[in-house]
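Below is one structure, written out as structure tokens; comments come after it.
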Amino acid sequence: MPNIYFRNLKDEAEPFEDVQQAWFWFINANQAKNDGAQIIAGEGVVQRPCEPNDILNILNRLYRNRRLLIDHLRVLRFYGVRMMPPDPYRPKEITASKLWNEAMDMLEEIFISKGIVQEKQLTNYIHTKNIYTSNNAINNMEGYGHA
């Protein structure tokens with residue numbers, strides 16, 4: 001007999017739009033937990049497809065397998081607490097920006113495979129490509145010596 005009280009949270013959960021949103025959520029959740037809040041699955045305003053411990057386990061695995069270095073983790077934590085990624089145009093943040101992007105790329109691949117982050121949509125590229133290859137665009141270029 002199935003348990004009528006069991007809810008599959010993954011079916012109702014809303015994945016994050018991108019890996020940075022997931023990361024900042026993780027940092028906020030850990031800060032709240034450190035401040036004494038109790039984390040209860042499915043009790044947030046928006047249900048998420050993971051718990052903060054799931055992301056922590058992913059980080060631990062990447063670190064143990066030497067895919068993430070301690071420098072990556074320090075940058076992720078420092079800028080996560082600031083709630084903003086490092087600015088690659090600020091001279092003092094160039095190295096941090098490179099480490100941040102490397103870490104985000106590694107996390108994004110895993111987060112997408114686990115359903116934590118939505119897959120990227122290519123609709124904008126396809127839409128843009130259709131605009132430039134349509135007959136109207138080609139006809140409009142006749143006066144510019146392109147057709």
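Quick notes on this structure:
- Set side by side, the residues GLU93, GLU119, GLU102 differ, and just one is among the acidic types (Asp, Glu), modelled with pLDDT under 95 and either under 16 Å from the mean Cα position of the chain (by Cα) or not in a loop (DSSP other than H, G, I, E, B) (or both), which is GLU119.
- Selection status of ASP71, surrounded by 13 or more Cβ atoms within 10 Å (Cβ to Cβ), in contact with a helix residue (DSSP H, G or I) (Cβ under 9 Å, 6 or more places away or on another chain) and charged (D, E, K, R): yes
- The set of residues from the stretch 74-101 being more than 23 Å from ALA13 (Cβ to Cβ), surrounded by fewer than 18 Cβ atoms within 10 Å (Cβ to Cβ), in contact (Cβ under 8 Å) with a residue 24 or more places away in the chain and not basic (Lys, Arg) comprises just one member, VAL81.
- Total residues in the stretch 102-118, condition more than 13 Å from CYS50 (Cα to Cα), surrounded by 15 or more Cβ atoms within 10 Å (Cβ to Cβ) and free of Cβ contacts under 8 Å to residues at least 60 places away in the same chain: 3
- The stretch 49-72, residues that are of a type in the set (A, V, I, L, M) and in a loop (DSSP other than H, G, I, E, B): LEU68, LEU69
The values are calculated or read from the model by the stated rules, or taken from the named source; none is laboratory data. As the structure is a prediction and not an experimental result, all values here were calculated from the model. Heads up, the Cβs are rebuilt from the backbone with ideal geometry, glycines too, and the neighbour counts pull from every protein chain shown.
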